[in-house]
1. May I ask you to give the percent of accessible area on region 453-587 that is carbon plus sulfur, with a probe radius of 1.4 Å?
2. Ranking request for peptides 481-488, 548-555: highest mean number of other beta-carbon atoms within 10 Å first, then the rest in descending order.
3. Using a simple spin-label model with points 7 Å from Cα along the Cα→Cβ vector, what separation in nm is obtained for GLU178 and LEU236?
4. List the chymotrypsin sites (Phe, Trp or Tyr not before Pro) within region 394-499 that DSSP assigns to loop and that have no more than 16 neighbouring Cβ atoms inside 10 Å.
5. Relative to the Cα centre, what is the charge dipole magnitude of region 515-585, using +1 at the beta carbon of each Lys and Arg, -1 at the beta carbon of each Asp and Glu, and rounding to the nearest 20 debye?
6. Pairs LYS161/LYS309; LYS388/LYS458; LYS308/LYS329; LYS190/LYS308; LYS188/LYS315: which are spaced more than 19 Å apart, C-alpha to C-alpha?
7. Could you tell me how many cubic angstrom of Cα convex hull volume region 383-446 has per residue?
8. If the only charges are +1 at each Lys and Arg Cβ and -1 at each Asp and Glu Cβ, what is the size of the charge dipole of region 453-587 around the Cα centre, to the nearest 20 debye?
Amino acid sequence: MDSPVSAFAMYKNTKQSTPKHDKKKKKRKVNNSNAQKPLSRILNDNGKNVAQKIKNKQKKTKETKNIIKKKTHKKKKLKSNTSKRVKNVENSLNHSVGNDTIDEEDSDSEEVPVLIPAPIPNNGISTSSHEDDVNSYSSNGEMEMTPVTTNSSEEALKVFKWMIAPYSYSDFFRSVWEKKPLHIVRNKPKYYNDLISTPLIDNMLRTENIQYTKNIDITSYEDGKRETHNPVGRALPHTVWDFYLQGCSIRLLNPQTYMPKLHLLNATLQEHFTSFVGANAYLTPPDSQGFAPHYDDIEAFILQAEGKKHWRIYKPLNEAELLPRVSSKNFSEIEIGNPIMEVTLQAGDMLYFPRGYIHQGVTIDGEHSLHVTISMYQKQSWADLFEKMLPAALELAINEEPVFRQGVPFDIHDNFGLVYSDLTTPRRVEMEEFMKNLFHKIKSYLPMDGAVDQMCKKFQHDALPPVLSDTEKACTVYGDTDVMAENGKVINRVEMSLDTKIRLLRKNILRMVSEDSIKIYYYTENSLEYHGHELSFLEIDEELAPAVETLITTYPEYVSIENLDVPNDSDKMQIADALWARGLIMTEYPLDVVFD
């Protein structure tokens with residue numbers, strides 16, 4: 001069970017009020033408990049492997065120098081003004097909101113911001129094409145590289161703008177988000193082609209252990225009846241495609257687990273929304289429907305990858321179902337009335353609708369349909385925040401105000417309850433006023449910071465692990481360092497020093513929370529399956545918290561370890577090592593090898 005929010009007032013930033021030299025050194029405590037280009041070019045081109053270059057350079061240096069227990073800290077050459085920037089083009093396309101169509105000047109709609117590369121697939125072919133990984137060798141054989149300076153939140157924003165292009169980001173959140181559906185027509189059938197395809201699904205079924213119910217559903221909807229036809233065990237192509245040929249729809253429940261580019265897309269987007277960004281994929285045979293009309297509790301973005309699908313969208317049935325916090329039952333056609341929008345999505349189109357909007361889709365014209373539903377912002381409402389905040393505020397008020405611990409009047413039972421709810425006696429009015437005054441007192445104890453921390457803590461558990469570029473790998477614990485070679489010998493040993501510059505790997509890679517102690521929750525060790533692992537965290541002494549705060553507030557800039565806001569060098573190195581070991585920070589340049 002989560003620690004109560006009210007325990008969160010423990011850590012206070014004392015870096016201004018308490019001089020560093022006045023702080024007593026305490027033993028460090030760190031515990032680990034459960035702890036714009038076409039997308040195809042960005043993700044598929046075979047880029048240079050930076051980590052391999054660094055390894056070659058280190059090997060060459062080791063062969064030519066006889067260095068014993070000596071660590072060098074040379075400034076790497078910064079290649080000036082060579083970082084290629086890919087133009088973030090505002091894609092000019094035809095799009096419509098309801099029946100309103102806007103025509104804009106045509107441009108290359110498949111231009112997107114540079115993304116970090118997807119992981120290398122099992123066939124060994126690199127999907128990296130990170131053109132901003134600007135690295136080269138100088139004439140004297142030394143490595144020259146440009147440090148990673150991107151802000152993960154800003155990169156996510158670029159990707160989201162690509163996903164809804166050409167619709168304006170500001171207009172979207174001002175007039176569409178949580179308010180009404182949006183249909184974007186592109187006439188660009190390959191716009192989402194890199195994310196998913198039917199051959200990719202077939203390959204996934206052949207090479208991965210895809211389980212019915214856990215990873216895949218076989219569904220049908222006919223004559224007003226929705227059915228699931230899942231066998232038991234592994235889903236193999238022969239059986240799955242037999243269901244498909246019989247008119248059943250195929251739903252992939254967590255395709256980002258097996259499709260690196262979907263993982264990349266979602267892991268990038270989550271940095272902007274600070275909420276879990278998930279995906280379901282739906283493959284529907286011609287002239288069929290897989291699901292009954294219903295509404296969801298997420299913001300839904302339908303990305304049409306192949307074929308066509310006809311959609312009907314309906315308003316929430318009443319105000320109580322506007323922006324719901326749970327998904328609905330399956331509705332009948334009689335219950336939902338007439339649609340407010342009817343559109344046919346073609347490959348490259350997008351459809352957005354807020355949570356609470358009833359929807360149903362059917363394939364037409366003898367064509368199949370393959371789309372991905374990108375879902376986000378589940379349980380991110382004010383209600384969810386207050387569910388965390390109010391119980392904690394009451395706990396604080398109980399601890400601080402004796403009046404909350406006093407007994408209720410003996411006659412409260414004779415003035416309140418179902419039988420007495422219509423009473424307006426002076427005694428009832430008096431007690432009503434007293435209770436309202438008590439409730440008013442609770443407002444002054446609202447732990448707003450702690451409650452928001454708790455929501456962010458949940459995000460750390462929900463989030464997908466990050467996808468790293470070659471340069472990022474070379475500058476993190478995931479790089480080609482500390483390798484066990486022949487005869488039990490470890491080579492490529494690296495160490496940080498006080499002048500090493502570091503920064504967080506991602507803007508939202510961790511959340512520091514004050515509970516019964518200071519804990520740092522993080523998502524680098526998360527599973528690709530939702531909540532596949534326990535939530536990971538570090539527990540640190542309060543004196544080390546300002547060092548973590550320094551990294552959070554200076555992101556995306558690098559800061560020297562010696563400039564972390566901790567009283568002594570030993571603690572600075574200890575907290576840096578702890579964060580490095582868990583993949584939470586990266587260095588400005590790859591670390592030098594220590595030769596023994």
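1. 45
2. Taking the mean over residues of other Cβ atoms within 10 Å, the ranking is 548-555, 481-488.
3. The two pseudo-label positions are separated by 4.9 nm.
4. On the way: sites: PHE404, PHE410, PHE416, TYR420, PHE434, PHE439, TYR445, PHE459, TYR478; in loops: PHE416, TYR420, TYR478.
Filter output for region 394-499: PHE416, TYR420, TYR478.
5. Values: 3 positive and 16 negative charges, 59 e Å.
Rounded to the nearest 20 debye, it is 280 debye.
6. Beyond 19 Å: LYS161/LYS309; LYS308/LYS329; LYS188/LYS315.
7. Working: hull volume 6.5 nm³, N = 64.
Per-residue hull volume (Cα only) is 102 Å³.
8. 460
The values are calculated or read from the model by the stated rules, or taken from the named source; none is laboratory data. Computed from a predicted model, the values in this text were never measured in an experiment. Here the Cβ is made from the backbone with ideal geometry for all residues, glycine too, and neighbour counts use every protein chain on show. In case anyone asks, the SASA skips ligands and DNA or RNA and just uses the protein heavy atoms, side chains included. Shrake-Rupley method; radii C 1.70, N 1.55, O 1.52, S 1.80 Å.
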